[in-house]
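Structure first, commentary second.
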Amino acid sequence: MNTNPHHLLGAYVLGGLDAADLTLFEAHLQDCASCRKELAVLEKVPMLLDSLPVPDAVALSGIPGSSAVPGGSEGTDANAPARLFNELARRRRTLRRRWAALAGAVAAACLAVGLAVGPLLVRPPQPDATYSVASGGGLQVNIDMARKTWGTELAVSGSSLPAEGTLSLWVRDRAGTEDRACAWTATPSGKVKVTGATPIQLGSISSVELRDGAQRAVAVITVP
């Protein structure tokens, strides 16, 4: 097994890793921004593969009737190719759930420092939804939301925010469940530009709330 996990990215996307390589790559993914960016670019590949009917996938693959399923042995079972594609599809569905959890955990653990922070994940050219809120005191918060297969990416910019402590962005779904999308250290200028992530799908978001270090609401955006 290669000691550099980066080469496992393609097999990971396709659901073809065994248990040992899967554990190795997911540990590597938490610390490797480059792999996370590549994974974001390739995130739609599993959905495209899963939309292809198994008989068509078998025909296109050129796999003969004599094959082996992942983790199995060679044989002459004519149904082996179909079982192979079904097993890989099952693994990809499992991986998509793990991607959502991983993206949320990485974003929650990342403290961004004001304008100096870069995006955690690759952003699309245009957001799927944009919301903003302002107060009479000059506070302004803008949030761009982008749909992802694992959930929602949120690009936050703001001004006249609290200048001390830690600020955090919380997302609530329509069932009342909350998830912290990101957190950052307040800047003396009161300005910020940071990207966060949540496994909550865009269509399920009911509100987004900016909180200060004491978990008091600084700004609330209601999503219709």
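See the values below:
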{"item": "Residue list for the stretch 128-149, restricted to those being assigned to a loop (DSSP other than H, G, I, E, B) and at pLDDT 90 or above", "result": "128, 139"}
{"item": "Hey, residue 147 closer than 29 Å to residue 37 by Cα, touching a helix residue (DSSP H, G or I) at 6+ places or on another chain (Cβ under 9 Å), in contact (Cβ under 8 Å) with a residue 40 or more places away in the chain and of a type in the set (Lys, Arg) or not", "result": "yes"}
{"item": "Selection status of residue 168, over 26 Å from residue 37 (Cα atoms), surrounded by fewer than 21 Cβ atoms within 10 Å (Cβ to Cβ), modelled with pLDDT of 90 or more and among the hydroxyl-bearing types (Ser, Thr, Tyr)", "result": "no"}
{"item": "Candidate set: the stretch 187-205, residues that are assigned to a strand (DSSP E or B) and either of a type in the set (D, E, K, R) or at pLDDT below 95 (or both); chosen: the one surrounded by the fewest Cβ atoms within 10 Å (Cβ to Cβ)", "result": "193"}
{"item": "Single residue of 183, 163, 175, 219 found to be farther than 26 Å from residue 40 by Cβ, of a type outside the set (Val, Ile, Thr) and surrounded by 15 or more Cβ atoms within 10 Å (Cβ to Cβ)", "result": "219"}
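The values are calculated or read from the model by the stated rules, or taken from the named source; none is laboratory data. Predicted model only: the values in this text are computed from it and were never measured. Reconstructed Cβ throughout: ideal geometry from the backbone, glycine too, with neighbour counts over all protein chains shown.
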